[in-house]
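**Student:** Sending over a structure as structure tokens; questions will come in a sec.
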Amino acid sequence: MAKGLKLALALGAVALLTATAAFAASDRGAASDTLVYGASADPSLLDPSLTSDGESLRPTGQIFDSLVGFKKGTSTVVPSLATKWTTSKNQLAWTFKLRKGVQFSDGTPFNAAAVCANFTRWYSFPAPLQSDALSYYWQTVFGGFAKPAPGGLGPDKSLYKGCKAHGQYSVSILLRRPSSSFLAAIGLPNFGIASPTALKKYEADAGTVDATGVFHPTGTFATQHPIGTGPYMLQSWTPGNKMVLVANPKYWGPKPKIKRIIYIPIGDPSARLQALQSGEIQAYDNVAPQDFATIKGNKKFKLYLRPPTSLGYVGINQSLPPMNNPLVRQAVAYGLNGAAVAKAFYGGVGTPATQFLPPSLAGFAKKGVPVFKYDPAKSIALLKQAGLTPPVKIDFWWPTSVSRPYMPDPQRNFEAFAASLNKAGFQVEAHSSPWRPDYRAGVQAGKAQLFLFGWNPDFIDPANYLNVHFGSKTAQFGFDNQALFTLLAKADAASNADARAALYQQASIQVMKQLPVIPYVWAAGAIVFDSSVKGFVPSPVGTVNEPMSSLSFG
Amino acid sequence: MLRFIVRRLLLLIPILIGLSILVFVWIRALPGSPAESLLGEHATPEAVAQIRHQYGLDEPVYVQYWAYLKTLASGDLGTSIASTRTVTYELEHRFPATIELALAAMIFAIGVGVPLGFLSAKRYRSGVDHAGLAASLIGISIPIFFLAIILKYIFSVRLGWLPSIGREDTLSEAEHPTNFYVLDGIITGNLGASWDAIRHLILPAIALGSIPLAIISRITRASVLDVQNEDYVRTARAKGLAPRTVDRRHVMRNALLPVTTIIGLQMGLLLSGAVLTETVFAIPGMGSWLKEAIFNRDYPVLQGGILFLAIVFVFVNLLVDITYALLNPRVRVS
């Protein structure tokens with residue numbers, strides 16, 4: 001029996017190896033019109049107005065077009081479904097000339113009525129859809145709803161006032177107050193124009209609310225029939241397995257060279273890298289900094305770094321003593337060795353940050369900004385000046401189970417910061433919890449004295465950095481600086497570009513004087529492609545503005 | 001035999017009630033709440049309170065449990081918070097993936113472990129025996145995810161022989177009526193798809209099966225060594241039976257009894273080990289799904305998914321007991 005067994009084992013092994021080797025010979029790159037993309041998760045819904053996660057906005061960005069778009073690789077607003085626009089003198093009416101001859105992928109025409117139907121839909125979302133988890137971007141940009149949910153913001157708080165069609169190809173969006181960030185905001189993929197016929201036919205807003213308060217569409221618009229005017233359309237989606245987009249034959253722009261995009265959800269970053277190396281996928285996003293060297297060292301792949309617009313900062317809650325004392329906040333700023341962290345943990349592409357706006361933006365202050373270089377002695381002196389006896393105990397929060405471009409590995413950042421603070425007259429007490437939901441909830445409820453956080457902008461405008469964080473009082477930073485709030489509101493309403501830039505520069509300086517945050521790194525998100533894929537241009541806002549229609553296999 | 005099975009089935013009732021209570025209470029003991037998780041970054045305490053009140057999360061736990069039992073009895077497992085798909089839909093798609101993987105791992109573990117253990121025993125203290133011991137030690141001590149990454153590096157990245165992710169080729173358009181991909185290929189007459197599914201199972205099965213393999217081979221070895229010295233084996237040999245017949249009829253049949261028990265227990269471990277394997281191989285199964293659900297405080301998924309897995313585990317053990325009874329008449333009598 002022993003001999004028989006050995007023989008069987010040997011035969012089995014040989015058969016297995018032969019079979020696998022034979023199959024390995026089958027060429028994987030045969031489908032040259034198909035791009036297989038490793039996503040880090042499934043999308044939640046394919047209705048961009050009801051999602052805010054990158055995994056959903058990546059495919060919807062290929063399916064829907066907004067009225068305006070952004071020039072490739074920049075944040076400059078360019079025509080998309082609208083070819084021209086003007087604004088009234090009082091800046092309360094924006095009139096858009098629409099592109100003619102455009103059809104939705106279901107064959108229905110795109111026109112002024114379709115634009116108004118979409119804006120009216122967003123403004124009139126029923127109460128369940130007014131949850132932050134769903135219509136977050138409408139609320140961020142426009143504020144209120146026509147019929148607010150109990151406790152929600154109503155028409156008086158809404159930037160949006162109405163929509164007026166002038167014939168087929170001209171439409172006006174009416175605002176309640178001037179806003180200089182409005183135009184860039186409606187270029188967000190969340191404001192992609194959907195086919196009104198499909199919205200109705202596939203019951204985009206119909207749904208139930210389950211026992212935990214989540215809205216579940218009973219219609220099929222957001223799961224099976226997302227109909228837009230974009231270069232691609234949905235062919236099939238098996239959650240957990242794959243999503244297939246195919247070229248939209250009715251697309252108004254240049255026909256995409258890649259006819260099919262397959263998104264495969266692969267949660268584990270090392271599994272994505274290995275799948276790329278084995279040729280099973282040709283692209284993936286959110287490349288871990290520790291993999292940069294491996295990828296760069298292989299000619300078969302090309303790594304693209306996005307412009308560094310993702311900001312890592314240490315937040316300070318001024319409502320929790322002794323952080324209410326400006327001297328203590330300055331001591332923290334001198335006690336954090338941010339430059340060392342930016343250099344060490346970002347794959348060689350982290351740039352030290354000294355203020356809240358990236359240097360490429362008009363509101364970046366070139367002078368007058370207080371600079372805090374790591375200086376433990378100065379930190380200790382400031383603490384003493386504040387009447388405290390070092391070491392001063394501080395509660396420093398850091399998140400687990402998360403990786404963001406601005407903090408690829410939060411634990412390493414925390415450990416480095418804790419070490420530098422401990423040398424600078426502080427005694428750090430570590431406080432960690434999972435990013436979702438405990439950490440974010442705790443920080444945003446104002447429980448964290450000092451915390452690791454960051455910001456990925458939705459669009460590249462000072463308003464999306466400064467107004468979002470410091471435009472009003474929040475529990476997170478616990479500061480109430482009316483002068484800064486007024487300054488930021490004035491900056492957002494300013495129509496003159498130079499005046500606007502000057503106001504934002506003032507605000508940038510004020511933020512660094514008040515120190516609700518200590519910015520330390522500008523990080524770049526990275527995406528990798530098989531080097532046979534040509535034509536990719538990384539966007540400063542990341543995946544939401546990276547059309548796949550211009551890619552080709554070279 | 002029938003009485004034995006009925007008795008075991010009746011015992012399932014209190015076990016399942018106990019399980020449902022445990023799962024329900026345990027999930028609610030987790031810090032954080034789904035309302036906060038759901039409302040996201042900008043949740044105000046008022047909004048959280050409103051959601052909690054509106055959907056009964058502020059009711060006493062026993063009231064919530066009763067409501068949960070009622071919906072459970074109607075076959076409704078709820079809807080996932082994170083994916084917005086029903087738990088039943090997810091189970092239909094994910095459970096087959098996990099079972100396929102666990103079975104493949106078990107086939108690998110038994111197929112290699114039993115012969116290896118047998119050989120080690122037959123060549124007691126020989127080179128083969130020592131090599132087997134070393135292999136077992138490595139199998140038990142090497143972390144699954146590490147082994148998985150090494151296997152993928154060698155067989156997918158370097159040699160390009162086997163796929164590293166998923167359950168089928170990324171370009172495959174095969175149909176899946178049952179979601180058991182190997183079976184689906186056979187049902188739809190697409191044997192290429194079955195073979196594709198099997199190729200996708202090889203590396204995950206080896207990674208996941210390495211620990212059970214080591215255990216099974218060690219238990220088999222010990223058991224064969226024991227049985228070999230029994231009087232009835234000596235008698236069989238003495239009466240002139242061919243060594244092969246002695247091994248097959250007398251040694252293996254008796255030596256496999258403890259191995260059967262171990263296999264049953266290992267099935268449970270395989271289900272938990274699947275969490276890592278599924279994550280590393282991007283297999284959309286139960287393990288990776290439940291792991292995500294824990295982070296999202298996805299109560300419906302956790303309740304439905306864990307209860308379902310627990311029931312499966314209980315049934316697997318029942319099957320093992322029945323197999324054991326079939327192999328060993330003494331169990332039936334007792």
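None of the figures in this text is laboratory data; all of them are computed from the coordinates on show. Computed from a predicted model, the values in this text were never measured in an experiment. For neighbour counting, all protein chains shown are included, and Cβ atoms are generated from backbone atoms with ideal geometry for every residue, glycine included.
**Student:** Give the lysines whose C-alpha is closer than 23 Å to that of residue A:164, dropping any in the same chain fewer than 8 places away, or say none.
**Tutor:** A:84, A:89, A:97, A:100, A:147, A:200
**Student:** Give the dimensionless ratio obtained when the Cα radius of gyration of region B:258-305 is divided by 2.2 N^0.38 Å.
**Tutor:** Output field value: 1.34.
**Student:** Quick check on region A:435-485: what does the Kirkwood estimate of hydrodynamic radius come out to from the alpha carbon pairs, in Å?
**Tutor:** Details: mean 1/r = 0.0829 Å⁻¹.
Hydrodynamic radius (Kirkwood, Cα only) of region A:435-485 equals 12.1 Å.
**Student:** Let me ask something additional. Output wanted: per-residue J couplings in Hz (rounded whole) for region B:90-95, from phi through Karplus 6.51 cos²θ - 1.76 cosθ + 1.60, θ = phi - 60°, x for Gly and Pro.
**Tutor:** 4, 4, 4, 8, 8, 4
**Student:** Starting from 0.36 nm per residue, how many nanometres of slack lie between residue A:168 and residue A:377 once their C-alpha separation is accounted for? Could you put the intermediate results ahead of the total?
**Tutor:** Details: separation 209, 0.36 × 209 = 75.24 nm, distance 6.85 nm.
Gain on extension, residue A:168 to residue A:377, equals 68.4 nm.
**Student:** Also: Give the shape of chain A as rounded, prolate or oblate, defined through the alpha-carbon gyration tensor: a ≥ b ≥ c are the square roots of its eigenvalues, a/c under 1.5 means rounded, and otherwise the shape is prolate if a/b is larger than b/c and oblate if not.
**Tutor:** Since a/c reaches 1.5 but b/c is at least a/b, the shape of chain A is classed as oblate.
**Student:** Something else now. In whole Å and largest first, what semi-axes does the C-alpha gyration tensor of region A:331-425 yield when each eigenvalue is scaled by 5 and square-rooted?
**Tutor:** Over the Cα atoms of region A:331-425, the semi-axes work out to 24, 20, 11 Å.
**Student:** Okay, moving on. Pairing the Cα long axis of helix B:127-141 with the longest principal axis of chain B, what angle in degrees results, from 0 to 90 and rounded to the nearest 10?
**Tutor:** For B:127-141 against chain B, the angle is about 10 degrees.
**Student:** Roughly what would the spin-label model give for residue A:294 and residue B:222, points 7 Å off Cα along C-beta, in nm?
**Tutor:** Taking the two extended label points, one gets 3.8 nm.
**Student:** Please find, in a Gaussian network model of chain B (springs between Cα atoms separated by less than 10 Å), the residue of B:305, B:113, B:160 whose mean-square fluctuation is greatest.
**Tutor:** Largest GNM mean-square fluctuation: B:160.
**Student:** Set the Förster radius R0 to 56 Å, insert the Cβ-Cβ distance between residue A:90 and residue A:393 as r into 1/(1 + (r/R0)^6), and round the FRET efficiency to 0.05.
**Tutor:** 0.55
**Student:** OK, next. Pick out, in residue order, every one of the chymotrypsin sites (Phe, Trp or Tyr not before Pro) in region A:353-397 that is DSSP loop and has at most 13 other C-beta atoms within 10 Å; say none if there are none. Write down the numbers at each step before the final one.
**Tutor:** Numbers: sites: A:356, A:364, A:372, A:374, A:396, A:397; in loops: A:356, A:364, A:372, A:374.
In loop regions of region A:353-397 (DSSP not H, G, I, E or B), there are no sparsely surrounded chymotrypsin sites (Phe, Trp or Tyr not before Pro).
**Student:** At R0 = 41 Å, how high is the FRET efficiency between residue A:445 and residue B:175 if r is their beta carbon distance? Nearest 0.05 is fine.
**Tutor:** For residue A:445 and residue B:175, the calculated efficiency is 0.25.
**Student:** Residue separation times 0.36 nm, minus the C-alpha to C-alpha distance between residue A:423 and residue A:224: what's the value?
**Tutor:** 65.9 nm
**Student:** From the C-alpha gyration tensor of region A:492-551, pull out the three semi-axes of the equivalent ellipsoid (sqrt of 5λ each), sorted largest to smallest, in whole Å.
**Tutor:** 35, 18, 8
**Student:** In what sequence do A:243, B:1 fall when counting other Cβ within 10 Å, fewest first?
**Tutor:** B:1, A:243
**Student:** Also: Between residue B:13 and residue A:483, how many nm apart are label points set 7 Å from Cα along the C-beta direction?
**Tutor:** If labels sit at residue B:13 and residue A:483, their model points lie 7.6 nm apart.
**Student:** Suppose only helical runs count, i.e. DSSP H with n ≥ 4. What mean residue ellipticity at 222 nm does that imply for chain A under -39500 (n - 2.57) per run, divided by all residues and rounded to the nearest 500 deg cm²/dmol?
**Tutor:** -8000 deg cm²/dmol
**Student:** What range in chain B is the longest one free of GluC sites (Glu not before Pro) that are in a loop by DSSP and have at most 16 other Cβ atoms within 10 angstrom?
**Tutor:** B:1-172
**Student:** Now for a different question. What longest range of chain A stays clear of loop-exposed trypsin sites (Lys or Arg not before Pro) (DSSP non-H/G/I/E/B, at most 11 other C-beta within 10 angstrom)?
**Tutor:** The answer is A:90-298.
**Student:** If I require 30 Å or longer along the helix axis, counting alpha carbons, and a Kyte-Doolittle average no lower than -1.0, what helices from chain A are left? Use full DSSP H segments.
**Tutor:** Qualifying helices, which must be both long enough and hydrophobic enough, are A:2-24.
**Student:** Restrict the search to region B:55-148; then list the chymotrypsin sites (Phe, Trp or Tyr not before Pro) that DSSP places in a loop and that have at most 16 other Cβ atoms within 10 Å of their Cβ.
**Tutor:** B:124
**Student:** To continue, here is another question. Taking the beta-carbon count within 10 Å as an exposure proxy, list A:83, A:309, B:79 from fewest neighbours to most.
**Tutor:** A:83, B:79, A:309
**Student:** Could you work out which residue, out of B:212, B:177, B:243, moves most in a Gaussian network model of chain B, that is, has the largest mean-square fluctuation with Cα springs under 10 Å?
**Tutor:** Residue with maximal mean-square fluctuation among B:212, B:177, B:243: B:243.
**Student:** For region A:40-168, rounded, prolate or oblate, judged on the Cα gyration tensor with a ≥ b ≥ c (square roots of eigenvalues), a/c < 1.5 rounded, else prolate if a/b > b/c? Write out the running numbers ahead of the final one.
**Tutor:** Details: a/c = 1.56, a/b = 1.10, b/c = 1.42.
It comes out oblate by the Cα gyration axes.
**Student:** Just the number, please: percent antiparallel of the DSSP beta bridges in chain A, rounded to the nearest 5.
**Tutor:** Here the antiparallel bridges make up roughly 75 percent for chain A.
**Student:** Using a Gaussian network model of chain B with C-alpha springs under 10 Å, which one of B:231, B:298, B:76 is most mobile by mean-square fluctuation?
**Tutor:** B:231
**Student:** While we're on this one: Give the lysines reachable from residue A:259 as a straight Cα distance under 19 Å; neighbours fewer than 8 places away on the same chain don't count.
**Tutor:** Here the lysines satisfying the reach criterion relative to residue A:259 are A:242, A:250, A:534.
**Student:** Then there's this: Just how many pairs of Lys in region A:357-435 have C-alpha atoms closer than 25 Å, counting pairs that are eight or more places apart or on different chains?
**Tutor:** Here the count comes out as 10.
**Student:** Label residue A:177 and residue B:67 with points 7 Å out from Cα along Cα→Cβ: what is the distance between them in nm?
**Tutor:** Placing both labels 7 Å beyond Cα along the Cβ direction yields 3.9 nm.
**Student:** Would you work out if region A:207-357 is rounded, prolate or oblate? Take a ≥ b ≥ c from the square roots of the eigenvalues of the alpha-carbon gyration tensor; rounded if a/c is under 1.5, else prolate when a/b is larger than b/c, oblate otherwise.
**Tutor:** Details: a/c = 2.49, a/b = 1.50, b/c = 1.66.
Verdict is oblate for region A:207-357.
**Student:** Further question: Run the numbers for residue A:33 and residue A:305: contour at 0.36 nm per residue of separation, minus the present Cα-Cα distance, in nm.
**Tutor:** Result for the pair: 95.4 nm of gain on full extension.
**Student:** Enumerate the aspartates and glutamates that residue A:255 could reach by cross-link, defined here as Cα to Cα under 12 Å, with residues fewer than 8 away along the same chain left out.
**Tutor:** Leaving aside aspartates and glutamates fewer than 8 places away in the same chain, none come within reach of residue A:255.
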